[in-house]
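No lab work stands behind these numbers, since they all come straight from the coordinates. Keep in mind that what you see is a predicted model, and the values were worked out from it rather than measured. FYI the Cβ positions are ideal-geometry reconstructions off the backbone, even for glycines, and counts take in every protein chain you see.
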Amino acid sequence: MHIHTVKKGDTLWQLGQRFSVSTDAIASANGISADVPLVIGQAIIIPTEAGNHKVLPGESLWSIGLKYGVTIEQLMRANELKNPALIKAGQVLVIPQKEKPIIEVNGYTEKFGANGVALVHEIGANLTYLSPFSYRVQLDGTLVPLDDSAIIEAAFQEKAASMMVLTNFENGTFSSDIAHAVLTDAAIQSAVIASVLSVMQQKRYMALNVDFEYVRPADREAYNAFLQKLVDTLHPYHLLVSTCLAPKQSAEQKGTLYEGHDYAAHGRIVDFVILMTYEWGWSGGPPLAVAPLNEVVKVLNYALSVIPSSKIVMGMPLYGYDWTLPYVKGGKWAPTVNPPQAVARAAKYGATIQYDPIAESPHYTYYDEQGAQHAVWYEDARSVQAKFNIVKAYKLRGVSYWVLGVPFPQNWYVLQQNFTVRKLV
């Protein structure tokens, strides 16, 4: 594939003519209608015939190699070229094909019932794990049940393993009190572990994901010990254990969100960790990229210093936000926006989409009907590809999406072009 940034005057028909690809093929790769108007600055996936590239005016072997991740020397060998400068527009080059890396892909879902089943069948081929969110621990150690049997069965049909998510979530937030009770009361902890094993066996969960957030710093060692007990209990049944980790950039990072999470210990104890590398730009904060790659890389660099890359799963958002300006702390929270909505909104209000090369994220501003200015940050094919490049460069175990059900057709196309998804079922 090639990712094209829309210029003034571009249409899908013109792009199809330029790249010798049908309009319908371009529309399908991007999940859009063939007659949709394009927005200046919008990222458009151009599907290309595997193994071939038609040279465009102004292209060189170097620029073509950059697009496909191959060297000039590889291109010259594959095409029996003697001089790299002697290529011309219209010439068809053979592109050496590289074997796609195999990664694991997790997707959290909050959709159940018929809608949840339909969603699993829609994107389940792209998943190693489906993670219904969530089994919530109560202060007495009991678990709030989930009506998840239907989506688990759908996941099995798509050869996706189900991963049970255990949280200290209560009343719209994560409870430090619940985490403290589970981590420090032996009777409650034993009840939780017994319940987890029972649910996993009854519903055919193949992995557990512990998402305890806002763990008090004083409970850090107790959390590590709890994880070890879970591993000791579940491993004999061939069940995997994973955790979610707040996006720390150093071991000394302060704050309740961070201090209770011991990267080194989790990396040593559990089978893999999911880094929550998103929400720099969040609904109640100022306008920012949700997952700016420069900040994500800082988290990965720290994680890799204490955790093997084979145990690290990088979190990725499927959404963005639309902030009303000026931002006022404590003011109205920004609503979420999915990528197709973000592009449609830019088209509606005549905005030009910008791309931040540091955050590797698209964004724009616009004025609504009431004259209020807005700032939108979201994800597109370019930002996804940039993240996948990091996954490959760092040889990470995989990626984890929050949250399924947010429409983003480009993401799944780009994922398939970059990786082979490991299946455990």
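Which of the peptides 190-198, 81-89 is most tightly packed, and how do the rest follow, going by the mean number of other Cβ atoms within 10 Å of each residue? Don't skip to the end; give the middle numbers.
Details: 190-198: 17.2, 81-89: 10.7.
Highest mean packing first, the order is 190-198, 81-89.
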Quick one: Karplus J couplings for segment 104-113, per residue in order, coefficients 6.51, -1.76, 1.60, θ = phi - 60°, nearest Hz, x for Gly and Pro? 9, 10, 10, x, 7, 9, 10, 9, 10, x
List the residues, sorted by chain then number, that are 5 or more residues from Val165 or on another chain and whose placed amide H is less than 5 Å from its amide H. Tyr135, Asn209
To check you understand DSSP bridge types, tell me what percent of the beta bridges within the chain (both residues inside) are antiparallel, rounded to 5. 40 percent
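Mind checking the full-extension length gain between Lys7 and Asp185? Use 0.36 nm per residue of separation minus the Cα-Cα distance, one decimal, nm. The partial results should precede the final answer.
Details: separation 178, 0.36 × 178 = 64.08 nm, distance 6.14 nm.
Contour length minus the Cα-Cα distance gives 57.9 nm.
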Might you report the magnitude of the Cβ-based charge dipole of segment 174-282 about its Cα centre, with Lys and Arg at +1 and Asp and Glu at -1, to the nearest 20 debye? 260 debye
Along the charge dipole of the chain, Cβ charges K/R +1 and D/E -1, which of Ser131, Thr48, Ile64 sits furthest on the positive end? Ile64
What aspartates and glutamates does Lys100 reach when the alpha-carbon gap must be under 17 Å and sequence neighbours fewer than 8 apart in one chain are set aside? Glu49
Cβ-defined net charge surrounding Ala125, 11 Å radius [Lys, Arg +1; Asp, Glu -1]: 0
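What does the net charge come to around Phe169 if you take all other residues with beta carbon closer than 10 Å to its beta carbon, with K and R at +1 and D and E at -1?
Numbers: positive: Arg136; negative: Glu170, Asp211, Glu213.
Taking every Cβ under 10 Å from that of Phe169, the sum is -2.
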Placing +1 on each Lys and Arg Cβ and -1 on each Asp and Glu Cβ in the chain, then taking the dipole about the Cα centre, the residue among Tyr394, Met276, Ala85 whose Cα reaches farthest towards the positive end is Ala85
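Given the rule -39500 (n - 2.57) for each run of at least 4 DSSP H residues, summed and divided by the residues of the chain, what is its mean residue ellipticity at 222 nm, to the nearest 500 deg cm²/dmol?
Numbers: 15 runs with 153 residues, N = 425.
One gets -10500 deg cm²/dmol as the mean residue ellipticity at 222 nm.
Would you kindly state how much longer the chain becomes between Ala344 and Arg268 on full extension, computed as 0.36 nm times their sequence separation minus their alpha carbon distance, in nm to one decimal?
Numbers: separation 76, 0.36 × 76 = 27.36 nm, distance 4.54 nm.
Length difference between fully extended and current span is 22.8 nm.
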Quick one: check the C-alpha center-to-center distance for segment 147-205 versus segment 279-333, whole angstrom. 26 Å
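Please work out the FRET efficiency for the pair Glu221 and Gln201, using the Cβ-Cβ distance as r and a Förster radius of 41 Å; give the result to the nearest 0.05. Please report the intermediate quantities before stating the final value.
Numbers: r = 29 Å, r/R0 = 0.71.
E(calc), rounded to 0.05, equals 0.90.
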Compute the distance from the alpha-carbon center of segment 383-425 to that of segment 10-62, in whole Å. 21 Å
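Report the net charge of residues surrounding Ile32, where surrounding means a beta-carbon distance below 14 angstrom and charges are Lys +1, Arg +1, Asp -1, Glu -1. Numbers along the way, then the final one.
Details: positive: none; negative: Asp10, Asp24, Asp35, Asp380.
Neighbour charge sum, excluding Ile32 itself: -4.
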The lysines whose Cα lies under 21 Å from the Cα of Lys82, excluding any fewer than 8 residues away in the same chain, are Lys54
What is the set of long-range amide H partners of Leu139 at a cut-off below 5 Å, with H atoms built 1.01 Å from backbone N? none
Could you check the simple spin-label distance between Lys98 and Asp232, using points 7 Å along Cα→Cβ, in nm with one decimal? 4.4 nm
Tell me the label only: which of (i) 66, 48, 46; (ii) 75, 48, 35; (iii) 74, 56, 45 is Cα extents along the principal axes in Å as calculated from this structure? (iii)
Residue-ordered couplings for segment 368-380, obtained by feeding phi - 60° into the Karplus form 6.51 cos²θ - 1.76 cosθ + 1.60 and rounding to whole Hz (Gly and Pro as x), are 7, 4, 8, x, 7, 7, 10, 10, 10, 10, 8, 10, 9
Residues of type lysines that Lys229 reaches as a straight line, Cα spacing below 22 Å, ignoring anything fewer than 8 places off in the same chain: Lys203, Lys311
What dipole magnitude, in Debye to the nearest 20, does the chain give about its Cα centre under +1 on Lys/Arg Cβ and -1 on Asp/Glu Cβ? 1240 debye
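How big is the dipole moment of segment 39-168 about its Cα centre under a simple scheme where the beta carbon of each Lys and Arg is +1, that of each Asp and Glu is -1, and everything else is neutral? Debye, nearest 20, please. Could the numbers behind the result be given before it?
On the way: 10 positive and 13 negative charges, 154 e Å.
In debye, rounded to 20, segment 39-168 gives about 740.
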